[in-house]
Amino acid sequence: MRTIVLCRREYLECLLSKSTYGTRYPNSVKPDELGIETKGLTLNNNFKSWTFNHHLFNQAILSPKFTDVVIDQTNKLFNELESYWDKLFLKEDIIKENKNILDFPGWIYHYTNDIIIKLLTGEKYYSMAAYFNTLSDEKSDHPSVNVEDSVIFFQELRKLFAGYSLFLFILPFIRYHIPFFKNKTNDTIRSLRYFNQKLETIIERRRQEIKDTPLEEPLPHDILTSMIIKNAFRDVNYIEVGKAARSMTNSEIRANLLDGIINGTFKITDTLSFIIYYIAHNSDVEKKIIEEIDNVFQGDKMRPITKDDFYSLSYCEAIVKEVARISPNLYSFSRCFDKSEEIAGYQWPANTLFKINVRAIHNDDNDWEEPNKFNPDRWLVEGFEQKNNSFIMFGGGLRICPGRKLAMIELVCLIALLFRKYEINLVDMNSPIKTWSNSVLVSCEKLLVEIKQRN
Ligand code: HEM
């Protein structure tokens, strides 16, 4: 398929306008091949169905109440993470023997997996506990059946994440007839079946819990509950208005949850791993982070982080943006339109595929001063305003990332919680960061760091 790669922000006006809906991968997945093509968000090519899901998902994830829940869970799960690190890496004898070394993305993938499942479904998962068990003779206190369940969940998620690329970028003939690809294809479909069953059980259980909750009692603030009650009896607006639009079916909820779990687990970890790498290579930046954090927390290394803290950590936010600018982990995303469009001065036929090269746009010297320089301060210069579409870490227009606020809270809070208490150094300052990539994203494979308490 002919693909047009756009590397200048000026060409994105029509693609990222708030009124233009474009599909992502129009011809790769055959209708009903995976059973999710007209459901959820990321792979949904049906405008009517996408609008319905987008509207309900956004309402739930962008609500102010949800921000409080994200910060609360960040504190709780960070405490759990620290309890494992205390046992494995922070004891005096371990530090003396230089064994205080951990694989940063290894831990954070499990952390982000546990938190995103909690935020989306309200269920407690034990992926961090499972990872701890693989590294320690002592086992976590959680019931082993739950821990083992989380191990399988995480393994299947990895398979599914890798398997999606197969459906998006490899021709159907190859994936169904060439043995290596055929096995991978079957693996992906098996993983998807596993998630369908798993999520169906969770949804049915929650539907029952909602039915059993008396009207005067509040319901939890996770995305699953919001999606179930929207336009249904427990929806506040439904009671007021007395009638409503339709509510979501289980298969729609399943696809939305899966979209959130995949996006929320991998992208946050990859971005945070790059952040650690950049901070380690820029001691002046590290010094400024610590200054900001000490100023906000006044030396208190234990109290939970709050919403006000999050809004005060502007240097930490600038670091997230600068790392995402100079080294975006989702370095390309696509759009396709069902009618002819004029873009970059040419008239393109309907169904032309456009790829937006995020890396090129973030490093264009027409829009950025010294684009190759890692300089978080650029975001804090008084009066600084980025030019339209010159920074597209979360995409743009109608299909902009719905998880952007959640991702930003997570990233800023994690930087603060990590650097307020720990000194984190790379084990090997000379080696480049170890990554793997496909044609849309670059993911951190391994990053060994040495960790100890900050004086
Ligand atoms: C650092 C973290 C993240 C980055 C860099 C990121 C980036 C992106 C980008 C570039 C897109 C494509 C937008 C477009 O086409 O205009 C996207 C889409 C999406 N993201 Fe994120 N994202 C992140 C975290 C999250 C989280 C935490 C969630 C879930 C809760 C999420 C859910 C989604 C979904 C569902 C879509 C598809 C939207 C649609 O097609 O309508 N993302 N993300």
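Quick notes on this structure:
- Region 120-240, accessible area per residue, ligands and nucleic acids excluded (1.4 Å, Å²): 55
- Among beta bridges that DSSP assigns inside the chain, antiparallel share in %, nearest 5: 85
- Simple spin-label estimate for Ser136 and Ile101 in nanometres, 7 Å along Cα-Cβ: 2.1
- Using a simple spin-label model with pseudo-atoms 7 Å out from Cα toward Cβ, Lys48 and Ala344 lie 3.5 nm apart.
- Proximal lysines relative to Lys96, as straight alpha-carbon distance under 17 Å, when same-chain residues fewer than 8 apart are discounted: Lys87, Lys452
- The Asp68 and Glu382 beta-carbon pair, evaluated with R₀ = 25 Å, returns a calculated FRET efficiency of approximately 0.20.
- For the cross-link pairs Lys48/Lys159; Lys91/Lys139; Lys230/Lys307; Lys287/Lys373; Lys267/Lys339, the ones whose C-alpha atoms lie over 23 Å apart are Lys48/Lys159; Lys230/Lys307; Lys267/Lys339.
- FRET efficiency, Asn58 to Phe173 (Cβ-Cβ, R0 45 Å, nearest 0.05): 0.75
- Top positive-direction residue, dipole computed over region 3-453 with Cβ charges, set Gln386, Ile223, Gly22: Gly22
- Net charge dipole size for region 3-453 [Lys, Arg +1 and Asp, Glu -1 on Cβ; Debye, nearest 20]: 1580
- Full extension of the chain between Asp365 and Asp149 yields a length gain of 72.8 nm, computed as 0.36 nm times the residue separation minus the alpha carbon distance.
- About the Cα centre, charge dipole magnitude for region 106-235 (Lys/Arg +1, Asp/Glu -1 at Cβ), debye: 800
- The helix-based estimate of mean residue ellipticity at 222 nm for the chain, built from -39,500 (n - 2.57) per DSSP H run of four or more residues and divided by its residue count, is -17500 deg cm²/dmol to the nearest 500.
- With a cut-off of 13 Å between beta carbons, the residues surrounding Lys184 carry a summed charge of +4, where Lys and Arg count +1 and Asp and Glu -1.
- Fraction of accessible area attributable to carbon and sulfur, the chain (%, probe 1.4 Å): 52
- For region 1-140, the dipole from Cβ point charges (+1 on Lys and Arg, -1 on Asp and Glu) about the Cα centre works out to 720 debye, to the nearest 20.
- Within the full protein context, the accessible area of Lys287 is estimated at about 140 Å² for a probe radius of 1.4 Å.
- Relative contact order of the chain, taken over Cα pairs closer than 8 Å and 6 or more residues apart, is 26 percent.
- Gap separating the Cα centres of region 313-356 and region 100-166, nearest whole Å: 31
- Restricting region 359-441 to trypsin sites (Lys or Arg not before Pro) in coil, as DSSP defines it, with at most 10 other Cβ within 10 Å: Lys373
- When Trp436, Trp85, Trp348 are compared by accessible area of protein heavy atoms, the largest-first order is Trp436, Trp348, Trp85, using a 1.4 Å probe.
- From most to least packed by mean Cβ count within 10 Å, the peptides 59-70, 266-277, 326-337 give 266-277, 326-337, 59-70.
The values are calculated or read from the model by the stated rules, or taken from the named source; none is laboratory data. Source: prediction; values computed, not measured. FYI the Cβ positions are ideal-geometry reconstructions off the backbone, even for glycines, and counts take in every protein chain you see. Side chains included, ligands, DNA and RNA excluded: accessible areas come from the protein's heavy atoms. Shrake-Rupley method; radii C 1.70, N 1.55, O 1.52, S 1.80 Å.
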